[in-house]
Each structure stands twice: as structure tokens, then as C-alpha cells.
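Engineer: My structure is below; once you've seen it, I'll send some questions.
Quick note: the coordinates plus some simple rules give every number you see, no bench work behind them. None of the values given here were measured: they were computed from a predicted structure. Cβ: placed from backbone, ideal geometry, glycine included. Neighbour counts: every protein chain shown.
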Ligand code: KIV
């Protein structure tokens, strides 16, 4: 039997931008949640290096390794989603040079991703071009780039100051242009003023996908655990579309109470 679902592909992103159709991206890190978000009809599943914070318990994304990212890409790919899977290249897996960048990108593609994402602009344009030349689609990521945690002094909104220094408004326009020219097929813009994200979106040829970047981007992305309210973190840029933290703790508290008072298991859930 053939499957009825038509996969979302890299060329669909350009078509969606040209038709004014907003792109929906969300993160997932395992097969169960990948199947859930795919059933909800998202266009793109990002196996983000945010796995370091929301799954592994780190305070930033720097510690996660390429091997760990490949593992999570494999888990997501097992859900066989209709959505395009983008695998995030973690810190240290592409900074050494273009050879390392291509090899790391290939690792995530072999694990089941249809594209890779990496952070940076002018400084990584060579690597984006080299990976794209190997027919591996690349998504760029500029603005608040979490792997630049130490340079930024934390997770700080970028592009508020003028100038060509990293994180300056003029530099971010240059970064966006460099990523576009290098052959990326899409660009994540994170944590910048809305008007700057709008200006970038109008100036580049590729679709922009915003997070904390206002309404004018061609698409939006959120971290799944923030969207579902699984973690207790509150961010200006993230809306909780559910409060799973409360739902899950209430369910487990009820289970614990029933175990302790002997209500669980009842006869309906016991074998004769
Ligand atoms: O890792 C991640 O989840 C990301 C998104 C915030 C864009 O890079």
C-alpha cells in the first residue's frame, strides 16, 4: 500500500515564500513527539541543539555533541514524518573548517535529516557554500545565536545597536546577505527587533523563519517544550499553547495517590 502523505521538501520552502504561505517549524527530539507534531501538520521538524537545554538539562546549547545530535535525528526519522527534518549542527562540529563542516553535515544526513542548520553569517558563509555544493541543503541561523553564548554574555537580544560588530544591526544585515549568497535555502532569525527581521525578510531571496523576531518573517519556529508548557520557563518570545507541566504533574500525583491508597490497580486493569 502506498502512503497518501506527500513529504515536504526543500524546494517547497521557496515555493511557500513566493506564494506567501507561512512556514511552520517546531522542534522535536524523539519519535513519539515527532509523530505528534507531524500529525498536527507542521512543515518542518527541527532537531535542534536546544535538546541540550530541554532534554539534557544543560543551561545552554554548547555541550551537546555531534554524536548525540545524530542519535536524536535518528529517533525523529523513525517517525517517518511528512515534515522536512532539519538536523542542527552543534557547537564545535563546523567551526574547524569546511572539511569538518561537510563531514558533520553528512553525519546528520546519514542519520535521516533532509537538511542541516548552522549558526552564523559572514563568518560561516564558506562552510554554508561548501556544504550546499555537496547537495546538502543548509538552513542559516542569525541574530541571537545560542552557540555564541559566551560572546553575547548570555542569551541576549541582538541587533538593537547600530554597527558592524557581531550582533550589531548592520552586521546582521551583512550576515543575512552572506547566508543568502552562500546558497542556504532558508534562514532562522532569532531574538532581534521585529523591524530588523522585517527588513532582512524583504532583502533576502530565501524564506526567513523567526523566533523572537516579530510577525514579518516568512515562517515561525518554537521550541516544542516551550510551546507545550512542559518546562516552567517563561519567555517573552514564546507562547504556551498548553500547560503540560500542570497536566503531567497532576496525572502523576493522582497515580501516586492511588498507588498509596490501594485504588490502583483496580480489577478492570488486572488479569483473571
Ligand atoms: O535548537 C533550536 O531549537 C533552535 C531554534 C531555537 C531555532 O535553533
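Engineer: In the chain, what percentage of the DSSP-assigned beta bridges are antiparallel, given to the nearest 5?
Structural biologist: On the way: 1 of 28 bridges.
Roughly 5 percent of the DSSP beta bridges within the chain come out antiparallel.
Engineer: Let me ask you something else. Order these by the 10 Å Cβ neighbour count, fewest first: 47, 192, 55.
Structural biologist: Values: 47 30, 192 26, 55 15.
Final ranking by Cβ density, sparse to dense: 55, 192, 47.
Engineer: Cα axis of helix 169-182 to longest principal axis of the chain: angle in degrees, 0 to 90, nearest 10?
Structural biologist: Taking Cα atoms only, the helix is inclined about 90 degrees.
Engineer: Using the Cα gyration tensor of the chain, with a ≥ b ≥ c the square roots of its eigenvalues, what is the shape: rounded (a/c below 1.5), prolate (a/b larger than b/c) or oblate (neither)?
Structural biologist: On the way: a/c = 1.90, a/b = 1.62, b/c = 1.17.
The shape class here is prolate.
Engineer: Treating only the Cα positions of segment 187-272 as identical point scatterers, give the base-10 log of I(q)/I(0) from the Debye formula at each q in 0.10, 0.15, 0.19, 0.22 Å⁻¹.
Structural biologist: -0.46, -0.66, -0.85, -0.97
Engineer: Per residue of the chain, what 222 nm ellipticity follows from adding -39500 (n - 2.57) for every DSSP H run with n ≥ 4, rounded to the nearest 500? Write down the numbers at each step before the final one.
Structural biologist: Details: 11 runs with 107 residues, N = 272.
My calculation for the chain gives -11500 deg cm²/dmol from helical runs alone.
Engineer: Say each of residue 58 and residue 40 gets a label point 7 Å from the Cα, pointing the same way as Cα to Cβ; how far apart are those two points in nm?
Structural biologist: Placing both labels 7 Å beyond Cα along the Cβ direction yields 2.5 nm.
Engineer: Quick check: from the Cα gyration tensor, does segment 35-119 come out rounded (a/c under 1.5), prolate or oblate? Write out the running numbers ahead of the final one.
Structural biologist: Details: a/c = 2.18, a/b = 1.36, b/c = 1.60.
It comes out oblate by the Cα gyration axes.
Engineer: Once you have the Cα-Cα distance between residue 242 and residue 256, take 0.36 nm times their residue separation minus that, and quote the gain in nm to one decimal. Before the final figure, lay out each step's value.
Structural biologist: Details: separation 14, 0.36 × 14 = 5.04 nm, distance 2.32 nm.
Value of the extension gain: 2.7 nm.
Engineer: Roughly how many nanometres apart are two label points built 7 Å out from the Cα toward the Cβ at residue 165 and residue 65?
Structural biologist: In this crude label model, residue 165 to residue 65 measures out at 3.6 nm.
Engineer: Still on this structure, I have one more. Give the distance, in whole Å, between the Cα centre of segment 48-80 and the Cα centre of segment 118-195.
Structural biologist: With segment 48-80 and segment 118-195 each reduced to a Cα centre, they are spaced 21 Å.
Engineer: Most exposed first by the Cβ proxy, i.e. fewest other Cβ within 10 Å, how do 44, 217 rank? It would help to have the intermediate numbers written out before the result.
Structural biologist: On the way: 44 26, 217 23.
Taking fewest neighbouring Cβ atoms as first place, the list is 217, 44.
Engineer: Kindly express, to the nearest 10 degrees and within the range 0 to 90, the angle between helix 244-261's C-alpha long axis and the longest C-alpha principal axis of the chain.
Structural biologist: Helix 244-261 sits at roughly 20 degrees to that axis.
Engineer: If each residue's Cβ is checked for other Cβ atoms within 10 Å, how do 270, 205 rank with the fewest at the top?
Structural biologist: Values: 270 7, 205 10.
By the 10 Å Cβ count, ascending, the order reads 270, 205.
Engineer: Over the chain, what is the relative contact order in whole percent, taking alpha-carbon pairs under 8 Å and six or more residues apart? List each step's numbers first, then the result.
Structural biologist: Values: 532 pairs, mean separation 40.7, N = 272.
Value for the chain: 15 percent.
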